[in-house]
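Reviewing the structure listed below.
The values are calculated or read from the model by the stated rules, or taken from the named source; none is laboratory data. Please read these numbers as outputs of a predicted model, since none were measured by experiment. Counting neighbours? That spans all protein chains shown, and the Cβs are built from the backbone with ideal geometry, glycine included.
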Amino acid sequence: MGRPPETCGNLVARPPESIDRTMAVPKPTPDPGELPFWKQKSLKEMTNPEWESLCDGCGRCCLNKLQEEGSDRTLYTDVGCKLLDGESCRCRDYDNRQAKVKDCVSLTPRNLSRIVWLPPTCAYRLLADGRDLYWWHPLVSGDPETVHQAGVSVRGKVGASEVDVPDEDLVDHIVSWPLRWPKGARGRG
């Protein structure tokens, strides 16, 4: 690898305009005959609250990543963004994140296809690839805890904060689990 790889930005969804970010999760569609919005609309057609609600709260995208020199290969670490809360797996200051974290990436329908390091469990990636959300996604289950129960989130897996790990030491924190599906996450809960 030669010199230490450069870090990739931490991913966050498009900035909210008038969204209450108090962890409110829309409940599943009550009428079984009515399709949920993510099956009715393209990603580009979604409202900002719908777009934001696609984030399952796993925190995988908020782990520091390394770009292998001379390739598109992304290596995840177990080092979290300085704003990542390892218990809730959410940003501690979502509204001000881009001012506080210089490489924070704002995910939009427009740049989604260019962000190659999204984890395979990411709802944005799944829907962009024509797949559906899984049982543990809060929009499907109605419960924000199922992402943790399914083992998809980073809860209990963040080894350190980026404030405690110098960039040159990130190579010592490379892990493969963020690029894998946890056991049981694909099945029904």
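Here are a few things to note about the model shown:
- Just one of the listed residues (Arg155, Arg131, Arg180) is in contact with a Cys (Cβ under 6 Å, 6 or more places away or on another chain) and of a type in the set (D, E, K, R), and it is Arg155.
- Among the residues of the range 84-93, the one identified as in contact (Cβ under 8 Å) with a residue 60 or more places away in the chain, touching a strand residue (DSSP E or B) at 6+ places or on another chain (Cβ under 7 Å) and surrounded by fewer than 20 Cβ atoms within 10 Å (Cβ to Cβ) is Gly86.
- Residue within the range 154-164 that is closer than 24 Å to Asp72 by Cβ and not polar (S, T, N, Q) present: yes
- Set Gly151, Gly184, Gly159: member being farther than 13 Å from Leu66 by Cβ, free of Cβ contacts under 8 Å to residues at least 40 places away in the same chain and either surrounded by 15 or more Cβ atoms within 10 Å (Cβ to Cβ) or touching a helix residue (DSSP H, G or I) at 6+ places or on another chain (Cβ under 7 Å) (or both): Gly151
- Pick from the range 111-136, criterion closer than 20 Å to Glu45 by Cα, touching a residue at least 12 places away in the same chain (Cβ under 8 Å) and over 11 Å from the mean Cα position of the chain (by Cα), ranking: surrounded by the fewest Cβ atoms within 10 Å (Cβ to Cβ): Ser113
- Residue in the range 151-166 that is farther than 18 Å from Asp85 by Cα and either in contact with a Gly (Cβ under 7 Å, 6 or more places away or on another chain) or not in a loop (DSSP other than H, G, I, E, B) (or both) present: no
- Members of the range 84-95 that are in a loop (DSSP other than H, G, I, E, B) and in contact with a helix residue (DSSP H, G or I) (Cβ under 8 Å, 6 or more places away or on another chain): Cys89, Asp93
For (1) hydroxyl-bearing (Ser, Thr, Tyr); (2) at pLDDT 95 or above; (3) surrounded by 18 or more Cβ atoms within 10 Å (Cβ to Cβ); (4) assigned to a loop (DSSP other than H, G, I, E, B), each residue gets a yes or a no:
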site	(1), (2), (3), (4)
Arg21	no, no, no, yes
Leu35	no, no, no, yes
Gly70	no, no, no, yes
Tyr76	yes, yes, yes, no
Lys82	no, yes, no, yes
Arg97	no, no, yes, no
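- Restricting the range 45-68 to residues that are surrounded by fewer than 17 Cβ atoms within 10 Å (Cβ to Cβ) and either among the hydrophobic types (A, V, I, L, M, F, W, C) or in a loop (DSSP other than H, G, I, E, B) (or both), the residue that is farthest from the chain's Cα centre (by Cα): Glu68
- Residue in the range 110-121 that is assigned to a helix (DSSP H, G or I), at pLDDT below 95 and not hydroxyl-bearing (Ser, Thr, Tyr) present: yes
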